[in-house]
Structure formats: structure tokens, C-alpha cells
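First the structure, in the form of C-alpha cells, and then the observations on it.
The values are calculated or read from the model by the stated rules, or taken from the named source; none is laboratory data. This one's a predicted model, so the numbers in the text were calculated from it and none came from an experiment. Because the Cβ atoms are built from the backbone with ideal geometry, glycine has one as well, and the counts that use them run over all protein chains shown.
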Amino acid sequence: MIRCLLAVALVALLPGAAWACLPGFEGTKQSRSNGITVAYKSQPAPIPVGQPFVLEIAVCPAPRALELDAHMPAHRHGMNYRPSITNPSPGLYRAEGLVLHMPGEWEFVFEVGLPSGARQRLTSPHLAQ
């Protein structure tokens, strides 16, 4: 009985534990894979079509590097612009100069450079309207 209660308590804490390293990103859009979580929010929100926007991004655990792109899988093309990415503190990034130039289904592609030198790709769908 005690083991069961401890297991339930541990499982209940897991989502909060993920947010512990992503302060300020509770309830934001996210992508998870192989122990890496990428959470992000846009300015402005919602993301306007054909207008520049900013993504604030948190990666946990903090990576060595982060690259970002967006593409339309159905059209097999990406953005016409390259974002500028800054890293104000470990695990936190700011991508500026993004433009989704047409409405439709897009994917944000986060290329995470791990401390080991390996790279992990995470994607997150976005519908631009």
C-alpha cells in the first residue's frame, strides 16, 4: 500500500519536475523526445501570417546549441527568412525574424545540439491562419 502511494505521488510530480527547469513556460506548446523537452511561446500570440514574430524557447536539459526552422510538409518548402537566435541564459533562447509567409500547416523544427556532440531533432505542428 505504501509503495503504491509513493508510486502515485512520484508520477504526480513528474510533470512539475519537467517544468522546474522550464520556468515561465508552464502550459506553453511543447515537444518531447528522448528525455529532451522544448517549450515555446510566440510574440505576438497568435502568430500572424505574413508578419514577423518572435519565439521564446526553453530547452531542458540545457543543450550545447539550438537551431530552428519552420517548413510546410505538404508543400515541401520552408520559410523565406532565417531567424536570428540568441541564448540569454542556459536553456533559454530567443528566435527573431521568423515569418510564416502563407496560411496552412507548418512544422517548427528544433535541432538540439547535445553536450555529447550528438544532435536531436524535435518537431511541433502549427496551423497558420
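Numerical summary
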| quantity | calculated |
| --- | --- |
| Whichever residue in segment 70-107 is modelled with pLDDT of 95 or more and of a type in the set (D, E, K, R) and, among such residues, is nearest to LEU22 (Cα to Cα) | ARG94 |
| Out of SER42, SER116, sole residue that is modelled with pLDDT of 95 or more and of a type in the set (S, T, N, Q) | SER42 |
| Residue list for segment 53-75, restricted to those being part of a loop (DSSP other than H, G, I, E, B) and either among the aliphatic types (A, V, I, L, M) or surrounded by 15 or more Cβ atoms within 10 Å (Cβ to Cβ) (or both) | ALA62, PRO63, ALA74 |
| Long-range neighbours under 6 Å by Cβ, at least six apart or interchain, first residue closer than 16 Å to TYR93 by Cα and in contact (Cβ under 8 Å) with a residue 12 or more places away in the chain within segment 33-46, second not in a strand (DSSP E or B) and not aliphatic (A, V, I, L, M) | ALA39/PHE25; ALA39/THR28; LYS41/THR28 |
| Count of residues meeting criterion [part of a strand (DSSP E or B), of a type in the set (Gly, Ala, Ser) and out of contact with any Ser or Thr (no Cβ under 8 Å at 6 or more places or on another chain)] in segment 76-125 | 5 |
| Hits in segment 92-122 (condition: crowded, with 18+ Cβ neighbours inside 10 Å and more than 20 Å from ALA45 (Cα to Cα)) | VAL112, LEU122 |
| Residues (of a type outside the set (Gly, Ala, Ser), assigned to a loop (DSSP other than H, G, I, E, B) and on the phi < 0 side of the Ramachandran plot) located in segment 18-47 | CYS21, LEU22, PRO23, PHE25, GLU26, THR28, PRO44, PRO46, ILE47 |
| Selected residue [of a type in the set (Val, Ile, Thr) and under 22 Å from CYS21 (Cβ atoms)] from VAL59, VAL49 | VAL59 |
